[in-house]
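What follows is one structure encoded as structure tokens, with my remarks underneath.
The values are calculated or read from the model by the stated rules, or taken from the named source; none is laboratory data. Note that the structure is predicted; figures quoted are calculated from it, not measured. We place every Cβ from the backbone using ideal geometry, glycine too, and count neighbours over all the protein chains shown. In case anyone asks, the SASA skips ligands and DNA or RNA and just uses the protein heavy atoms, side chains included. Shrake-Rupley method; radii C 1.70, N 1.55, O 1.52, S 1.80 Å.
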Amino acid sequence: MTETQVELTIEEPGWEVVPDLAGAATTAATLALQGAGLSPAEYSISVLACSDSRIQGLNTEFRDKAAPTNVLSWPAYDLAPAAPGEAPPTPPDSHFDGPNPIGDVAIALQTCIHEAKIAEIPLKNHVIHLILHGSLHLLGFDHETDKDAARMEGIESQALAKLGIADPYAQRKRGQPVF
């Protein structure tokens, strides 16, 4: 599998609880690009592995929400689809030498640990799901409408199945939280 280039910055020392975080981030980003029908090797992303307090500051600054969250993303391009449920457009050519940077993702350690415990799933699987989710946001996918959510969640579920990770949205049917 040709992989997406991921620049990982580990800002919070506790992230060693996730074995091979760099590999997990690369796998998640690669699966997102494949799920969007793009060639993973042509793109790059940056991932910040941080603390709840850091992501709370970012969430306050960029979304006016003074609370920690699990994952945030900052797309390099506005790739909103033309209509709900449609695929977003392909990122434009960046005219850089090398992979086209499509944006940044931040993920918070303490929230991820808490959510994985509540959902009774392995932490690494949850982290892969959240980086995959954030990477899809970089590509213009969202969950603002039911049609958009169905498209995005379908890509996530299929991608995670390739890794043998259970469908995180199946939990909704059992009345458990979905993160």
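Each residue in region 85-141 was checked for being closer than 11 Å to Asn70 by Cβ, in contact (Cβ under 8 Å) with a residue 12 or more places away in the chain, of a type outside the set (Gly, Ala, Ser) and part of a helix (DSSP H, G or I), and 12 pass. Within region 32-56, being open to solvent by 10 Å² or more (accessible area, probe 1.4 Å) and either among the β-branched types (Val, Ile, Thr) or within 14 Å of the chain's Cα centre (by Cα) (or both) holds for Gln34, Gly35, Ala36, Ser44, Ser46, Leu48. Residues that are β-branched (Val, Ile, Thr) and in contact with a Cys (Cβ under 7 Å, 6 or more places away or on another chain) within region 121-153 comprise just one, Val127. Consider region 142-153 and keep the residues that are in a helix (DSSP H, G or I) and of a type outside the set (Lys, Arg). The one that is surrounded by the most Cβ atoms within 10 Å (Cβ to Cβ) is Met152.
Across region 42-57, what is the number of residues that are of a type outside the set (Gly, Ala, Ser) and assigned to a helix (DSSP H, G or I)?
Of the residues in that region, 5 qualify.
The residue that is nearest to His129 (Cα to Cα), counting only those in region 69-95 that are modelled with pLDDT under 95 and touching a Ser or Thr at 6+ places or on another chain (Cβ under 9 Å), is Gly85. Residues that are surrounded by 18 or more Cβ atoms within 10 Å (Cβ to Cβ), in a strand (DSSP E or B) and in contact (Cβ under 8 Å) with a residue 12 or more places away in the chain do occur in region 59-71.
Looking across region 45-58, the residues that are among the hydrophobic types (A, V, I, L, M, F, W, C) and without any contact (Cβ under 8 Å) to a residue 60 or more places away in the chain come down to Leu48, Cys50, Ile55, Leu58.
Contact map, region 16-36: residues that are modelled with pLDDT under 95 paired with residues that are assigned to a helix (DSSP H, G or I) and of a type outside the set (Asp, Glu), Cβ distance under 8 Å, separation 6+ or inter-chain. Pairs shown: Pro19/Lys124.
Only a single criterion out of (1) modelled with pLDDT under 95; (2) under 15 Å from the mean Cα position of the chain (by Cα); (3) not small (Gly, Ala, Ser) is not satisfied by Leu138, namely (1).
Only one of the numbered conditions (1) surrounded by 16 or more Cβ atoms within 10 Å (Cβ to Cβ); (2) more than 21 Å from Gln5 (Cα to Cα) is violated by Glu156, and that is (2).
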